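Q: Below are the structure tokens for one structure; questions will follow.
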Ligand SMILES: Cc1ncc(C[n+]2csc(CCOP(=O)(O)OP(=O)(O)O)c2C)c(N)n1
């Protein structure tokens, strides 16, 4: 093909954020995954996240229709999706508008833009294209027009299928990816479709590479964060949080996931439906969320602790059964992949808005365990822990993840499977008839339960107030006792927990507290503050109910404590809002009540993963006030 | 498989269960309530078939009739209003070795639980579903139910209901995968026994609507057919419900009906008050045959399977 120029000396970078956006169905997501996996294999830290249009099939070239991927590639371990993109490949100019509106780009972001629209048969499209390019440039974006379609048509007859690999090829040259590894990746992705699919895709990739070598004057080097030897010695896996959750469910030995489809939870069930047979499991799609949890509770009651996965609106429907799970002390793993609420809310977007609903959502007192993994890797390990906690503490364990974890893709060390993770076979030996079904330990509230099939263990589980024998009663003391016993279990669990470790010094001016998927972004922002000499630390809670110990003592060592969360809170500069009527973010509300410390918060409901840059600005503003006072 | 003693199976044979073994606390229903009769028949069937009490689970929703599990000596699950079937299906999904009986009221099943009713019939999991249909809400004190007769005066419609009652038989017959539909009455123990026995013998969801008297809130709704049994259509067939001739004689109006004949079943359900087996399709597939696959898999095999799944994500 074309003759290659002398290779230029590349600019060495700590990291770059790349976006590939197109209309849906044009393969931008696949291109992003391929580029992300390839970069991970070359030893870079990678965080990939899907860009999903709100509609299933938005019309072509619609501003809201951006579909694709954001890939953050770095020379350290990447923990979040980062700030504004550095380089964007766009299949048309219109899809860029929604990204610009999401503050995804900045002055100087380079856009490699398909230029076929410039000469489109439709005059209107030509005009749209021209004016958009002018507008983008005016706002500081660096637009490089690329004849992607024309180049692809030299190789394939339909550029719609394959342009994405041309794009990967361009990126491979720009970021100096190993071409052979890229070919292997194509083989891996399309291998099952046979050589007649693999070959043209590899050819397109090669063409994209050559095209960039010839025409695109961008040369970057992002050093690997591990030596090749280290890379080969360790086994890594790369996946999104819902896949990690699915694999964790398999590793927990749970054999039943009972669910009703809801974004962004469903993809976990899609994944499991495909592979669950490998561990003897089954995905039941129930007729609604109430049936889904009822079905799970039936299986749990019968000795096979089950899992139900849902999102906000599904949680609302499950409320009554969650109460039964607490009251009847039935183990259950309930995963809430949070999305924007209330009501149907923002189905595809991230929010951490269900914490209080799950903490307090049931009528009466319904103490339960609530945990929140903070990374994709933790989605795997926490659900294994959740099954064990559910059985040991005999009740529901809620695991809160969110759309950010569900769709974010990150490499992590391949888990080394342990047989203890898996649930043992159902005990069918005779029950000691002297032991009642709720033989509550006075100290801990714990008891063990007979399972159907165990002779002499027969009892009737009920959601009515009951005695230790599960006999229905209405007297004052029995109800008081039952509530105490169920509540004690949380105190018992808390007794076994360790105090959280701090990121940074254990005293200082400002402590930032977070939970869930914001870990990476918060630590990145806090790290930047620390480098600049500010006395800022952060801590991230994994246990939300019961709360991890020593919080009050830790908080006392900081001048100011604040949470950073993705849920709603009033800002103090809003009309009529004062300290005593301000509605705080959800974790802040809990912590204030629990510790009586005047905890501040910064939160928003933009529906987006927290950007470290935004957090940094908030912390900077906060710390300046604190330092001023001093 | 399980941690059983080696001689366990022999021990089972030596065990003999009496009615006491199937009896829990003392039933607290009102005197004259039809629920007593149903409970007794269920216990007798368990005894007569020597079903292992520890392998039996009585599941219910909320309502007077849903108290039934508390009066059984077996395992039981007294759930939430309308959701008994979801729980029962979940139990069967991974424990097809358990014998499941469901007790549910007309409000529980046909109103708040209507969605689950339709889908449970479609799942066709092996269980007996007893619908205690007294045409009224008992526990909450006389509100109309979906099956209350037109004009029935009650606390939420003091001047009488304004809607035609729902016909649970035609609805159930219309659901895909329906495999067993019968109707019986609480005041004829022989027919009740024979019907529940046939239901228990059937593999699949046995839907049995029991016309059940509530002497307190809906005493009059069945007086018509009680006073004049000729208004009941007795279904007779060699594949139907078998009772002695002396009991049969109490039903002056009789008709031969082959329970494999769906269109005739529908016709009868629409136009009569039948007792007997309306429909039976013994070969209908059961959901647990799919949902329970893999339940004996050992941990070693699971680890192999999981490693296999992880390989897909290796980088
Ligand atoms: C979610 C919910 N709504 C309402 C109730 C109140 N409630 C209890 S039983 C019942 C109706 C009972 O009628 P039915 O199912 O016909 O049973 P019966 O008492 O007549 O046997 C109602 C409305 C409840 N327990 N839960």
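Q: Compute the normalised compactness of segment A:11-221: alpha-carbon radius of gyration over 2.2 N^0.38 Å, N being the residue count.
A: 0.95
Q: Sticking with this structure for a sec: Just grab the label-to-label distance for residue A:158 and residue A:476, each label 7 Å out from Cα along the Cβ direction, in nm (one decimal).
A: 7.7
Q: Shifting gears a bit: Rank B:305, B:240, B:63 by mean-square fluctuation in a GNM of chain B with C-alpha springs under 10 angstrom and give only the top-ranked residue.
A: Sorting by GNM fluctuation, first place goes to B:305.
Q: Something else: At 7 Å along Cα-to-Cβ for each site, give me the label-to-label distance between residue A:552 and residue A:122 in nm.
A: If labels sit at residue A:552 and residue A:122, their model points lie 6.5 nm apart.
Q: Any idea how far the Cα center of segment A:150-170 sits from the one of segment B:93-153, in Å?
A: 60
Q: Moving to a separate point now. Relative to the longest principal axis of the C-alpha atoms of chain A, give the angle of the C-alpha long axis of helix A:163-174, reported between 0 and 90° and rounded to the nearest 10°.
A: The two axes meet at around 80 degrees.
Q: Would you mind calculating the gained length between residue A:487 and residue A:356 on full extension (0.36 nm times residue separation, minus the Cα-Cα distance), in nm to one decimal?
A: 45.4 nm
Q: Comparing B:171, B:208, B:136, which has the greatest mean-square fluctuation in the GNM of chain B with Cα pairs linked when under 10 Å apart?
A: The residue with the greatest mean-square fluctuation here is B:171.
Q: Could you calculate the FRET efficiency of residue B:187 with residue B:246 from 1/(1 + (r/R0)^6), where r is the beta carbon distance between them and R0 is 22 Å, rounded to 0.05?
A: 0.90
Q: Quick one: work out Rg over Rh on the C-alpha atoms of segment A:28-91, Rh as Kirkwood radius.
A: Using Cα coordinates only, the ratio equals 1.02.
Q: Based on the Cβ-Cβ distance from residue A:625 to residue A:464, what FRET efficiency comes out when R0 is 45 Å, to the nearest 0.05?
A: Efficiency, rounded to the nearest 0.05: 0.25.
Q: Can you tell me how much longer the chain between residue A:531 and residue A:225 gets when fully stretched, taken as 0.36 nm per residue apart minus their C-alpha distance, in nm with one decimal?
A: This chain segment gains 108.1 nm when fully extended.
Q: Also, quick follow-up: How much of the DSSP bridge set in segment A:237-417 is antiparallel, in percent, rounded to the nearest 5?
A: Close to 20 percent.
Q: OK, next. Quick one: grab the alpha carbon gyration tensor of segment A:508-629, order the square roots of its eigenvalues as a ≥ b ≥ c, and give me rounded if a/c is under 1.5, else prolate or oblate depending on whether a/b is larger than b/c.
A: It is rounded, given that a/c, with a ≥ b ≥ c, falls under 1.5.
Q: Shifting gears a bit: Name the shape class, rounded, prolate or oblate, that the alpha-carbon gyration tensor gives for segment A:112-233, where a ≥ b ≥ c are the square roots of its eigenvalues, rounded holds for a/c under 1.5, and otherwise prolate holds if a/b is larger than b/c and oblate otherwise.
A: Here segment A:112-233 falls in the oblate category.
Q: Rounded to the nearest 5, what % of DSSP beta bridges with both residues in segment B:17-286 are antiparallel?
A: That works out to approximately 20 percent antiparallel.
Q: Can I ask one more? Show me the three semi-axes of the equivalent ellipsoid for chain A, from the C-alpha gyration tensor (sqrt of 5 times each eigenvalue), largest first, rounded to whole Å.
A: Equivalent ellipsoid of chain A: 47, 29, 22 Å, largest first.
Q: Rounded, prolate or oblate: which fits segment A:430-496, taking a ≥ b ≥ c as square roots of the Cα gyration tensor eigenvalues, rounded meaning a/c under 1.5, else prolate when a/b beats b/c?
A: Because a/c hits 1.5 or more and a/b fails to exceed b/c, segment A:430-496 counts as oblate.
Q: Per residue of B:61-68, what is the mean number of Cβ atoms on other protein chains within 10 angstrom of that residue's Cβ?
A: Mean number of neighbouring Cβ atoms from other chains: 1.
Q: Which whole number in µm²/s is D for segment B:17-286 by Stokes-Einstein, with the Kirkwood Rh taken over Cα pairs at 10 °C and 1.306 mPa s?
A: The calculation lands on 87 µm²/s.
Q: So for the protein assembly as shown: antiparallel DSSP bridges make up what percent, rounded to the nearest 5?
A: Bridges in the protein assembly as shown are about 30 percent antiparallel.
Q: Just grab the label-to-label distance for residue B:49 and residue B:16, each label 7 Å out from Cα along the Cβ direction, in nm (one decimal).
A: Each label point lies 7 Å from its Cα, and together they span 2.1 nm.
Q: Treating the angle as unsigned and between 0 and 90°, give the value, to the nearest 10°, between the Cα long axis of helix A:376-392 and the longest Cα principal axis of chain A.
A: Taking Cα atoms only, the helix is inclined about 10 degrees.
Q: Right, something else. In whole percent, what relative contact order does chain A give with Cα contacts below 8 Å and a gap of six or more residues?
A: Averaging sequence separation for qualifying contacts and normalising by length gives 11 percent for chain A.
Q: I've got another one for you. From a point 7 Å beyond the Cα of residue A:188 in the direction of its Cβ, which residues of segment A:16-33 have a backbone N at a distance under 13 Å?
A: A:33
Q: Further question on the same structure: Report, as an integer, the average count of C-beta atoms from other chains found within 10 Å of each Cβ along A:230-240.
A: Partner-chain Cβ atoms within 10 Å, mean over residues of A:230-240: 2.
Q: Quick check: the distance between the Cα centres of segment A:28-66 and segment A:91-144, to the nearest angstrom?
A: 18
Q: Let me ask something else. What FRET efficiency do you get for residue A:214 and residue A:416 if R0 is 35 Å and r is their Cβ-Cβ distance, rounded to the nearest 0.05?
A: In this case the efficiency is close to 0.15.
Q: Any chance you could give the angle, 0 to 90 degrees and rounded to 10, that helix A:476-496 forms with the longest Cα principal axis of chain A?
A: 50
Q: Next question, about the same structure. Between segment A:259-294 and segment A:557-630, what is the C-alpha centre distance in whole Å?
A: Rounded to whole Å, the Cα centres lie 37 Å apart.
Read-outs: derived from the displayed coordinates by stated rules, not from any lab. Quick caveat: nothing in here was measured; it's all calculated off a predicted structure. Reconstructed Cβ throughout: ideal geometry from the backbone, glycine too, with neighbour counts over all protein chains shown.
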